[in-house]
Amino acid sequence: MESKQSKSSTNRLRGLVPRDKRQLTELHVHLGGSVPIYRLWEMGIARGIRGVAHSYHEFIRMLHRNQETAGNLDQYLEIFDTVELIQAGPEAVQESILIAINGAYRTGGMTRLGPGGEGGDPDPVFSINRLELRFNPMKRTGMLFSRGEPSGLFDVDRIIRAACEAAEESEIAYRGDIQTGLLFCFGRDLSWEVNRTLAEKIQHWKKTHPKIVGIDLAGPESSMALDSESDLEKMAEIYDIAAGDDLGRTVHVGETPHVSVETFVKTIKALKPHRVAHPVTAARGFWDDKDARGLEILAENDICCELCVKSNVLTQAIRSAEEYGRFLKTLDEFGIRYTFSTDSPALQMTTLANELEFLVEHEAINQEQLLKALANAEEATFIR
Ligand SMILES: [Zn+2]
């Protein structure tokens with residue numbers, strides 16, 4: 001049963017978003033986190049993936065990212081190996097992308113979901129009509145048991161092409177009601193050789209596939225913080241090979257204390273991103289040590305922040321809704337743009353509407369901030 005409290009915060013959110021602003025862009029969603037758990041279950045069963053079939057209840061408990069299963073970024077990321085295995089191969093990637101786009105289109109504006117992530121709200125607050133979806137193609141090659149070795153069961157070229165085709169097909173199916181762009185992520189937990197191979201693949205496929213709109217770096221900061229000059233140089237080279245001047249650049253950086261303000265600044269200088277994901281280190285450096293260098297470099301370069309509210313609270317990057325409000329105020333003080341996204345809507349059982357509702361419910365955001373963030377997403381998207 002929907003509580004009175006949640007119903008009233010949904011209505012407050014509805015009141016804050018004007019009718020002519022109810023077609024939104026969401027730009028930070030991982031493919032691994034956006035296939036609903038019930039669909040992952042069905043895919044795992046259909047494909048005969050080991051370790052999936054003990055019980056559906058157990059599967060939901062294992063995959064659902066909540067306070068119990070995700071107390072920091074490393075724990076939050078633990079389950080993605082299983083998801084990547086279920087999504088391995090061109091056919092599964094294609095299927096996953098279609099499901100993810102369908103999910104964003106159908107449920108992105110809903111504030112309530114069913115237990116397996118099914119849409120459960122007959123009256124969405126808005127709709128999503130532009131979606132940036134990101135994933136690491138190398139982690140869909142079935143290389144779980146050969147991590148660190150540049151070999152996978154499936155052909156990465158086929159995976160990339162299948163992904164682009166899925167994005168194109170969905171646009172035809174939806175008659176343009178939802179546009180999709182794909183971002184490919186490098187992995188902090190993959191070898192240089194694997195990341196470099198991916199960069200060369202992106203360089204090749206982007207020439208003929210306009211659905212490829214950007215690149216990203218993801219994975220545990222504890223594996224590689226990029227705190228040495230030589231690591232930064234290597235990653236910068238990989239970014240240049242893949243993106244050159246024609247793809248959008250974003251980077252997950254500063255989500256954990258593994259990245260210092262110093263490293264944060266050096267990463268921005270080396271990788272030259274247009275956007276950054278979860279730059280919490282920059283704010284925390286300012287709060288705790290009066291070190292504004294992280295915030296200043298974001299402001300000077302007009303870098304837009306991709307914020308994922310519940311994910312940041314789950315990983316304890318930000319400790320509470322109240323602290324989220326402080327985070328937004330700090331970004332405003334420095335004139336830094338930000339946007340809101342779900343990160344892993346299906347595994348966190350959240351939606352974009354739900355994320356915004358959370359901020360509204362806890363009075364961590366005002367209408368001006370909210371509408372500016374929605375407009376920022378339109379401006380900062382890599383989809384053209
Ligand atoms: Zn992310």
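Name the residue from Thr342, Ile318, Val265 whose Cα lies farthest towards the positive end of the charge dipole of the chain, charges +1 on Cβ of Lys and Arg and -1 on Cβ of Asp and Glu.
Among Thr342, Ile318, Val265, the one farthest towards the positive end of the dipole of the chain is Thr342.
Place the peptides 129-139, 67-77 in order of packing, highest mean first, counting for every residue the other Cβ atoms within 10 Å and averaging per peptide.
Top to bottom by mean Cβ count within 10 Å: 129-139, 67-77.
Quick check: residue separation of Leu371 and Asp74 times 0.36 nm, minus the Cα distance between them. What number comes out in nm?
Residue separation times 0.36 nm, minus the Cα-Cα distance, leaves 103.7 nm.
Rounded, prolate or oblate: which fits region 250-319, taking a ≥ b ≥ c as square roots of the Cα gyration tensor eigenvalues, rounded meaning a/c under 1.5, else prolate when a/b beats b/c?
oblate
To make sure I understand the rule: partners must be lysines, Cα under 20 Å from the Cα of Lys290, and not fewer than 8 residues away in the same chain. Which ones qualify?
List returned: Lys266, Lys329.
Can you find, among Ala88, Ser191, Ala166, the residue sitting farthest towards the positive end of the charge dipole of the chain, where Lys and Arg contribute +1 and Asp and Glu -1 at Cβ?
After comparing all options, I get Ala166.
Rounded if a/c is under 1.5, else prolate if a/b beats b/c, else oblate: with a ≥ b ≥ c from the C-alpha gyration tensor eigenvalues square-rooted, which is the chain?
Rounded shape, in that the Cα axes give a/c under 1.5.
Given Cα pairs under 8 Å that are at least 6 residues apart, what percent is the relative contact order of the chain?
After rounding, I find 21 percent.
Of Gly285, Gly294, Gly32, which is the most mobile in a GNM of the chain whose springs link Cα atoms less than 10 angstrom apart?
Top of the fluctuation ranking is Gly285.
Under 19 Å between alpha carbons, and skipping anything fewer than 8 positions from Lys21 in its own chain: which aspartates and glutamates qualify?
In chain and number order, the partners are Asp123, Glu132, Asp177, Glu355, Glu357, Glu368, Glu378, Glu379.
Please compute the length gained on full extension between Arg22 and His54, using 0.36 nm multiplied by the number of residues separating them and subtracting their Cα-Cα distance.
Length difference between fully extended and current span is 7.4 nm.
If we count every other residue with Cβ under 9 angstrom of Gly214's Cβ, Lys/Arg +1 and Asp/Glu -1, where does the sum land?
+1
In terms of the Cα gyration tensor, with a ≥ b ≥ c the square roots of its eigenvalues, is region 60-193 rounded because a/c is under 1.5, prolate because a/b exceeds b/c, or oblate?
oblate
FYI, it's all coordinate maths here, none of it is from the lab. The structure presented is a predicted model; accordingly, all values stated were derived computationally and were not measured. All Cβ positions, glycine included, derive from the backbone under ideal geometry; neighbour counts span all protein chains shown.
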